[in-house]
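Read the figures in this text as sums done on the coordinates, not as results from a lab. Computed from a predicted model, the values in this text were never measured in an experiment. Glycine gets a Cβ as well: all are built from the backbone with ideal geometry, and neighbour counts include every protein chain shown.
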Amino acid sequence: MTTPEINRFGVAGTIALLAALVLIPFDLPQMNDWLFRIATLIMLAVSWNMMASAGMISLGHSAFWGVGSYGALLAINYMKLPFFLSFLPALVFGAVIGMLLALSTGRLKGVFFAIATLALSEGCRIIGLMLPDLTGGAAGMFLRHGARPTASVLYYSSVVAALLTVMVAWFLSKTRLRYAMRAMHDNEDAAQMLGINPLYYRTLISTIAGAMAAGAGALNLWHSAYLAPDVAFSLHFAILAQIAPIIGGVHTLAGPVIGAFAIIGFSELSRTALGIKAGYSLLIYGILLVCAITFTPKGLYRLFMPRRNASTKRPTRIAAAGEKALL
């Protein structure tokens, strides 16, 4: 199945896990920091996975992350908005960039769309460098003094935002959008012949995914309290957005969540227990990705799924998707 796969155990377990992180108080600063990073990565990974499920592979997902960060920064420093209200400009900025990406790329697919997203991220970085009066340029900009919330507020806000992101993805997976995404992933031309408008659904999916990733960027800004174009639009975030769903299980609902826990957990374990420096994080991610693809090519999530009998396979995916979409 090429859209976020529905499994009752996976959905219930994911939502229960994130809800538990909200209800259980953690007083350890280090634990809160780890869980904060996991929560923001979940939002980023779910966003990337949603686009990938419709055949839109993004190599420049850091564009949404960075635009959301700057949306929150401008709302705080120039508009003097409080913590929670600063999310609104970030979500709007991310949604607008996602919509413009889908409309400007048209029917670009595969590697051509992936390169377009990479160009978008690099273009946003250059624009940020060329507007020093607004963004601080290469020197960057700090949050205004006294605006940063407490660590506990950041932690609970990030977990609630991650929970809402997963629930939105779950809700969308139960609508007609699920079948349209499946058909578009397999063959956009065939999907169009079945009455599915690819441009409409590409725009809708990219807009929602852009808002999700932008919200994660806004949270990260509150955590770091500093932002520069080279930081906001770093490919580091784009790489994390791709690795988490692949390790956890791409095209599944729980996969990005499992992948986020695996990446951050393994990274921190290697740094604290093995003494590996933080600068080697990309090497660690690469090793983890190679191991996951080698031993669990369909993702860690598949290890917890019951095996399906070959005789219960569904008919052709395109036909099934088109039939459902046209109902």
| message | Output wanted: per-residue J couplings in Hz (rounded whole) for the range 41-54, from phi through Karplus 6.51 cos²θ - 1.76 cosθ + 1.60, θ = phi - 60°, x for Gly and Pro. | response | 5, 4, 4, 5, 5, 4, 4, 5, 5, 5, 5, 5, 5, 9
| request: Taking 7 Å along the Cα-to-C-beta vector as the label spot, tell me the T175-M31 distance in nanometres, rounded to one decimal. | output: 3.7
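How do the peptides 63-70, 33-40 rank, highest first, by the average count of neighbouring beta carbon atoms within 10 Å per residue?
Highest-to-lowest ranking by the protection proxy: 63-70, 33-40.
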| said: Can you work out the Karplus-derived ³J(HN,Hα) for every residue in the range 130-135? Use 6.51 cos²θ - 1.76 cosθ + 1.60 with θ = phi - 60°, whole Hz, and x for glycine or proline. | reply: 8, 10, x, 5, 9, 10
| Which far-off residues, 5 or more places away or on another chain, put their amide H under 5 Å from the one on L81, with H placed in the peptide plane? | I76
| remark: Treating only Lys and Arg (+1) and Asp and Glu (-1) as charged, each at its beta carbon, one finds that the range 155-274 has a dipole about its Cα centre, in Debye to the nearest 20, of 300
| What spacing in nm lies between the two simple spin-label points modelled at D189 and L303, each 7 Å away from Cα in the Cβ direction? | 4.1
| query | From the square roots a ≥ b ≥ c of the eigenvalues of the alpha-carbon gyration tensor of the range 128-167, which class results: rounded (a/c under 1.5), prolate (a/b over b/c), or oblate? | reply | oblate
